[in-house]
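Input: a single structure, listed below in structure tokens.
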Amino acid sequence: MDPTTRDALAERLRFYREMGIYDLYRRPVDETAVEAIAAEPEPMSKKLTVIQDRPIALKGIREDIGDCTRCKLHEQGRKQIVFGVGNPDADLMFVGEGPGADEDEQGEPFVGRAGQLLNNMISAMGLKREDVYIANVVKCRPPGNRTPERDESDTCGPFLMRQIAVVKPKVVVALGAVAAKTLLGVNDSMANLRGRFYDFAPMLPKNAPERDSSWPGTKLAVTYHPAYLLRDPRQKKETWKDLQMVMADLGLKPPTKSQD
Ligand code: SF4
């Protein structure tokens, strides 16, 4: 067995072990098929494998989170962990800050009023909510909807990074300053952060099974959080400019009606 195949196999076995799968059965080897796979250009065969495994990989991350007590948000009134929702093969991923009351109640990100606005933004882009993937920086509701504290974002952030590495979207849209700061590692105003693309590769934990050297990373755009837009609707125009920039990059057709 060549070293690349051996490493890939070892990584896959580690991944299954972390998911709690220990019993693996070996099928008789079809030498012709092995040769055919070996002859394929590597990025293609690797991409196909990864695409097929995305729902399982996301499930594995959720299982790794478990009934998490890693940061203090676990004891500050959360009802449940809000992991993420959407298409594991999405080209577009939205990243928010953290769950609010409705999200905490229903276990899904962006389902309250801000969620309705995000749904409208997604429709305006010519997509459906089910087409995209949506997650937050922290998976537990901060009390009183306060901003997640640095230690909380730092502790929970690696799970988000792993989600991004599994979905491999073509564009990530960071909604609001907390998401932007967590993902980009910079501390700047929204006015300075938005309106352009950044090259982005998720910072993964050392032993994360999602590490994939064939994936160069993705593009990241920053725009206002829908909850902020509810408080200051004047910024919707600016947000729409950011979304149009993303649409142009993804080749999405301009909508026929306005997001409002
Ligand atoms: Fe764990 Fe994240 Fe919840 Fe903190 S916010 S308890 S790290 S799942």
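The values are calculated or read from the model by the stated rules, or taken from the named source; none is laboratory data. Bear in mind the structure is a predicted one, so any value in this text is a computation, not a measurement. Using ideal geometry, Cβ is built from the backbone for each residue, glycine included, and neighbour counts are taken over all protein chains shown.
Values as computed for the structure displayed
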{"quantity": "The lone exception for residue 187 - which of (1) outside any helix (DSSP H, G or I); (2) at pLDDT 95 or above it fails", "calculated": "(2)"}
{"quantity": "Number of positions in the stretch 225-249 that are closer than 17 Å to residue 93 by Cβ and buried (at least 16 other Cβ atoms within 10 Å of the Cβ)", "calculated": "8"}
{"quantity": "Test: residue in the stretch 160-167 that is buried (at least 22 other Cβ atoms within 10 Å of the Cβ), in contact (Cβ under 8 Å) with a residue 60 or more places away in the chain and either more than 16 Å from the ligand (Cβ to nearest atom) or under 19 Å from residue 252 (Cα atoms) (or both)", "calculated": "yes"}
{"quantity": "Residue 219 charged (D, E, K, R), part of a helix (DSSP H, G or I), within 24 Å of residue 98 (Cβ to Cβ) and without any contact (Cβ under 8 Å) to a residue 60 or more places away in the chain", "calculated": "no"}
{"quantity": "Filter result (surrounded by fewer than 20 Cβ atoms within 10 Å (Cβ to Cβ) and within 13 Å of the ligand (Cβ to nearest atom)) within the stretch 168-203", "calculated": "none"}
{"quantity": "Hey, residue 70 within 9 Å of the ligand (Cβ to nearest atom), surrounded by fewer than 18 Cβ atoms within 10 Å (Cβ to Cβ) and among the basic types (Lys, Arg) or not", "calculated": "yes"}
{"quantity": "Residue 30 being among the acidic types (Asp, Glu), away from the ligand (no atom under 16 Å from the Cβ) and either closer than 30 Å to residue 226 by Cβ or modelled with pLDDT of 95 or more (or both)", "calculated": "no"}
{"quantity": "Conditions (1) away from the ligand (no atom under 13 Å from the Cβ); (2) out of contact with any helix residue (DSSP H, G or I) (no Cβ under 8 Å at 6 or more places or on another chain); (3) under 23 Å from residue 72 (Cβ atoms); number of the one not met by residue 120", "calculated": "(3)"}
{"quantity": "Pairs where the first residue, in the stretch 62-78, is under 16 Å from residue 162 (Cβ atoms) and in a helix (DSSP H, G or I) and the second is among the aromatic types (Phe, Trp, Tyr) and near the ligand (Cβ under 9 Å from one of its atoms), C-beta under 6 Å, 6+ apart", "calculated": "62/83; 65/159"}
{"quantity": "Options 212, 232: the member that is modelled with pLDDT under 95 and out of contact with any Asp or Glu (no Cβ under 8 Å at 6 or more places or on another chain)", "calculated": "212"}
{"quantity": "Total residues in the stretch 53-67, condition within 12 Å of the ligand (Cβ to nearest atom) and either on the phi > 0 side of the Ramachandran plot or not acidic (Asp, Glu) (or both)", "calculated": "4"}
{"quantity": "Whichever residue in the stretch 137-148 is more than 9 Å from the ligand (Cβ to nearest atom) and in contact (Cβ under 8 Å) with a residue 24 or more places away in the chain and, among such residues, is farthest from residue 92 (Cα to Cα)", "calculated": "143"}
